[in-house]
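Engineer: Next up is a structure, given as structure tokens.
The values are calculated or read from the model by the stated rules, or taken from the named source; none is laboratory data. Predicted model only: the values in this text are computed from it and were never measured. Because the Cβ atoms are built from the backbone with ideal geometry, glycine has one as well, and the counts that use them run over all protein chains shown. Areas reflect the complete protein model, heavy atoms only, side chains present, ligands, DNA and RNA absent. Shrake-Rupley method; radii C 1.70, N 1.55, O 1.52, S 1.80 Å.
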Amino acid sequence: MLKEMGLGPIWTLRQPPKKKRGAMAEPEAALPVDARTAAIAAMGWDELKQAVADCTACELCKTRKQAVLGVGDINADWLFVGEGPGAEEDERGEPFVGQSGKLLDAMLAAIDLKRGHNVYIANSVKCRPPDNRAPEPSETAACWPFLARQVELLKPKLIVTLGRPAAQTLLQQEVKIAEARGKVQDFAGIPLIITYHPAYLLRNLPDKAKAWEDLCFMRRTMKERGSSPA
Ligand code: URA
Ligand code: SF4
């Protein structure tokens, strides 16, 4: 199954870089990377939730209040992937519950979708990066096996990435949203569409029109592939 989804080779690419001699000590994964990855790849939802709650595989574990696995319908056709929890998400344990979340909910409503109904929402990293900084590549790499397992358990019909970190995590390449949007990309055989992050849209209102185009494009893509919107 892993091979079918193309996850094996991607994981190898994503292993965090080896610690440099003399570099500051970082929290160690409880298991060697390969064993940890394999263990996560075999987990069901309950185990995954517990593993994320207990995870100390990257620095972000030190400053989080709680890890935020994701929220929604585990039979969803639509998977939205953001960047990482902010302060309110860290407080409440649910993704996209702050200002960006209000906009995301409005974006979903615009195409007749609703949080929790045929929609699952997750993030590239499960713990809040302090001071609202972007997650480091080593952090998204350490957290990747969890998102990979979520994708595999969900088997969504469409993945929507919100902002650059999510797109880059899933596609494993440099992404410029302005160039990459409006096309159907591929993640291990699952169609993937890139759009702007709601937090970016709140700061760049003119690009909301482009986000609206992207939403229409997503809905069209799903219809063409025979999936009803909600
Ligand atoms: N921004 C994100 O990328 N994810 C959240 O969960 C909240 C804000
Ligand atoms: Fe673990 Fe991910 Fe949290 Fe890092 S961000 S501690 S890898 S759950």
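Engineer: For segment 75-83, indicate whether the set of residues that are within 10 Å of ligand 1 (Cβ to nearest atom) and surrounded by fewer than 20 Cβ atoms within 10 Å (Cβ to Cβ) is non-empty. Can you show your working first?
Structural biologist: The initial filter retains those residues of segment 75-83 that are within 10 Å of ligand 1 (Cβ to nearest atom), namely 80-83.
Then keep just the ones that are surrounded by fewer than 20 Cβ atoms within 10 Å (Cβ to Cβ); that gives none.
No; the residues of segment 75-83 include none that is within 10 Å of ligand 1 (Cβ to nearest atom) and surrounded by fewer than 20 Cβ atoms within 10 Å (Cβ to Cβ).
Engineer: Let me ask something additional. Those residues that are part of a helix (DSSP H, G or I) and closer than 24 Å to Gly98 by Cα, I need them from segment 177-203; list them, please.
Structural biologist: Answer for segment 177-203, where residues must be part of a helix (DSSP H, G or I) and closer than 24 Å to Gly98 by Cα: Ile177, Pro198, Ala199, Tyr200, Leu201, Leu202, Arg203.
Engineer: Condition first: of a type in the set (Val, Ile, Thr) and away from ligand 2 (no atom under 15 Å from the Cβ). Now tell me which residues in segment 54-96 satisfy that.
Structural biologist: Matches in segment 54-96: Val71, Ile74.
Engineer: Please enumerate the residues belonging to segment 33-55 that are loosely packed, with under 15 Cβ neighbours inside 10 Å and not in a helix (DSSP H, G or I).
Structural biologist: Across segment 33-55, the qualifying residues are Ala42, Gly44.
Engineer: Still on this model: Could you run through segment 100-148 and say how many residues are open to solvent by 30 Å² or more (accessible area, probe 1.4 Å), under 23 Å from Ala211 (Cα atoms) and assigned to a helix (DSSP H, G or I)?
Structural biologist: Residues flagged as open to solvent by 30 Å² or more (accessible area, probe 1.4 Å), under 23 Å from Ala211 (Cα atoms) and assigned to a helix (DSSP H, G or I) within segment 100-148 amount to 6.
Engineer: Output the residues belonging to segment 56-88 that are closer than 21 Å to Gly116 by Cβ, of a type in the set (Asp, Glu) and not in a loop (DSSP other than H, G, I, E, B).
Structural biologist: The answer is Glu88, and nothing else.
Engineer: Looking at (1) touching a Leu at 6+ places or on another chain (Cβ under 8 Å); (2) under 20 Å from Ala166 (Cα atoms), which is the one condition that is false for Ala110?
Structural biologist: Unmet condition: (2).
Engineer: List pairs: first residue in segment 89-104 and without any contact (Cβ under 8 Å) to a residue 12 or more places away in the chain, second residue more than 7 Å from ligand 1 (Cβ to nearest atom) and open to solvent by 20 Å² or more (accessible area, probe 1.4 Å) anywhere in the structure, Cβ distance under 9 angstrom, at least six positions apart or on different chains.
Structural biologist: Arg92/Gln66; Val97/Val71; Val97/Glu88; Val97/Glu91
Engineer: With respect to Pro165, is the statement that it is over 23 Å from Arg36 (Cβ atoms), in contact with a Ser or Thr (Cβ under 7 Å, 6 or more places away or on another chain), within 16 Å of ligand 2 (Cβ to nearest atom) and not polar (S, T, N, Q) true?
Structural biologist: Considered against the rule, which asks whether it is over 23 Å from Arg36 (Cβ atoms), in contact with a Ser or Thr (Cβ under 7 Å, 6 or more places away or on another chain), within 16 Å of ligand 2 (Cβ to nearest atom) and not polar (S, T, N, Q), Pro165 comes out as no.
Engineer: Also, quick follow-up: How many residues are more than 14 Å from the chain's Cα centre (by Cα) and open to solvent by 50 Å² or more (accessible area, probe 1.4 Å) if we restrict to segment 88-99?
Structural biologist: Here the count works out to 4.
Engineer: From the list Leu153, Leu158, Leu171, which residue is surrounded by fewer than 24 Cβ atoms within 10 Å (Cβ to Cβ) and touching a Gly at 6+ places or on another chain (Cβ under 8 Å)?
Structural biologist: Only one candidate passes the filter, namely Leu153.
Engineer: Do we have Glu174 as over 21 Å from Phe96 (Cβ atoms) and not hydroxyl-bearing (Ser, Thr, Tyr) here?
Structural biologist: For Glu174, the condition - over 21 Å from Phe96 (Cβ atoms) and not hydroxyl-bearing (Ser, Thr, Tyr) - is met.
Engineer: Continuing with this model, one more query. Let me confirm something: among Arg128, Arg149, Arg133, which residue is within 16 Å of ligand 2 (Cβ to nearest atom), under 24 Å from Cys58 (Cβ atoms) and without any contact (Cβ under 8 Å) to a residue 24 or more places away in the chain?
Structural biologist: Just one listed residue meets the conditions, Arg133.
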